[in-house]
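Enquirer: My questions all concern the structure below.
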Amino acid sequence: MIRMSLENGVQTLRLDRPEKKNALTGAMYTDLAEALERGNGDDAVRCHLICGQPEIFTAGNDIGDFLQYAGKSGVSETPVVRFLRALVNNQKPLVASVDGIAIGVGTTLLMHCDMVFASPRALIRSPFVDLGLVPEAGSSLLGPQLMGHARAFELLCLGKAFSAERAMQAGFVNEIIEEGVDEAAMACASEIAQKPPEALALSRRLLRGDTRALSERVEEEIKIFASRLSAPETIAAFQAFMAKKAKN
């Protein structure tokens, strides 16, 4: 589930499924997407803060849940795709607090954040290619822009795990917090929420630039991702993953 609260202009979105390492279900993606979409038109929401649990940000997509949704309506109509589009269209500052694992979409959503705080326990990884898939959330565009081709290839194609320090060097973690990472992220979100909202919105828009290329890349990734689900190597990789998961 997603636990939501709104206080002093900060809408906190806390991933709360620790028994499954915060793996994101369709219902959780829907809640996240609706919160971002609703925030665009709500003056009471000045900033979003997304966080997880101690030692667990998110293990990424709940694959079994995702395949059920995709089998019913196709990938383009799944809740995860709605969330990815909501990230692109989000108009309010987004802060993240990462403690522990951040896998798959747990990595790529960070590239949409304005500020990212991580604990030394953060471990960031995107094993898309290992599953026969391709990067998503516009990360194939944002990754090279943020960290250069070589580091983006290492993270998104090789699937190498990045420590908090490596992620900060790569440019998508702002600060490593030894103790109290959630508190540090909330302090930042609260500071953002106190800024003059129109000036901040205009400044953020200037920094982000034209998002049409990002939106187009997200849609291209979605189409390729969908086509990959029926590829023999992807089916084999998923079967191996599910078999390994069943043993653990």
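No lab work stands behind these numbers, since they all come straight from the coordinates. Since the structure is predicted, the reported quantities are computational estimates derived from the model, not experimental observations. Neighbour counts are summed over all protein chains in view; Cβ atoms, including those assigned to glycine, are modelled from backbone coordinates with ideal geometry.
Enquirer: Mind ordering 86-94, 218-226, 192-200, 98-106 by average Cβ neighbours within 10 Å, highest first?
Expert: Top of the packing list down: 98-106, 86-94, 218-226, 192-200.
Enquirer: Another one. Of the options A44, M28, S76, report the single residue whose Cα projects farthest towards the positive end of the charge dipole of the stretch 1-86 (beta-carbon charges: Lys, Arg +1; Asp, Glu -1).
Expert: Result: S76.
Enquirer: List, in the order given, every pair from K20/K160; K92/K244; K160/K195; K92/K160; K92/K245 whose Cα-Cα distance in the structure shown is over 28 Å.
Expert: Those over the limit are K92/K244; K160/K195; K92/K160; K92/K245.
Enquirer: If you project the alpha carbons of the chain onto the principal axes, what extent comes out on each, in Å, largest first?
Expert: 53, 36, 35 Å, listed from the longest principal axis down.
Enquirer: Can you give the convex hull volume of the alpha carbon atoms of the stretch 102-248 per residue, in Å³?
Expert: It is 126 Å³ per residue.
Enquirer: Take every Cα-Cα pair in the stretch 9-66 and report what % of them are more than 18 Å apart.
Expert: Counting pairs separated by more than 18 Å, the tail of P(r) holds 38 percent.
Enquirer: Hey, for a label at N8 modelled as a point 7 Å past Cα toward Cβ, could you say which residues of the stretch 172-189 have their backbone N under 17 Å away?
Expert: Those under the cut-off are 181-189.
Enquirer: Give me the percent of DSSP beta bridges within the chain that run antiparallel, rounded to the nearest 5.
Expert: Among the beta bridges of the chain, antiparallel pairing accounts for roughly 30 percent.
Enquirer: Normalised by the residues of the stretch 68-131, what does the relative contact order come to in percent, with Cα pairs under 8 Å and at least six apart?
Expert: This gives 30 percent for the stretch 68-131.
Enquirer: Starting from the 7 Å offset along Cα-to-Cβ, what nm value, one decimal, do you get for the label separation of A243 and D43?
Expert: Label at A243, label at D43, 6.0 nm between them.
Enquirer: Can you list residues from other chains, or at least 5 along the same chain, whose modelled amide H is less than 5 Å from the amide H of R121?
Expert: Those lying under 5 Å, H to H, from R121 are G100.
Enquirer: Once the Cα atoms of the stretch 46-189 are picked out, what are the Rg and Dmax in Å?
Expert: Expressed in Å, the Cα Rg and Dmax of the stretch 46-189 come to 14.7, 44.
Enquirer: Once both labels are modelled 7 Å past Cα along the beta-carbon direction, what's the Q194-Q145 spacing in nm?
Expert: Between Q194 and Q145, the simple spin-label model gives 3.1 nm.
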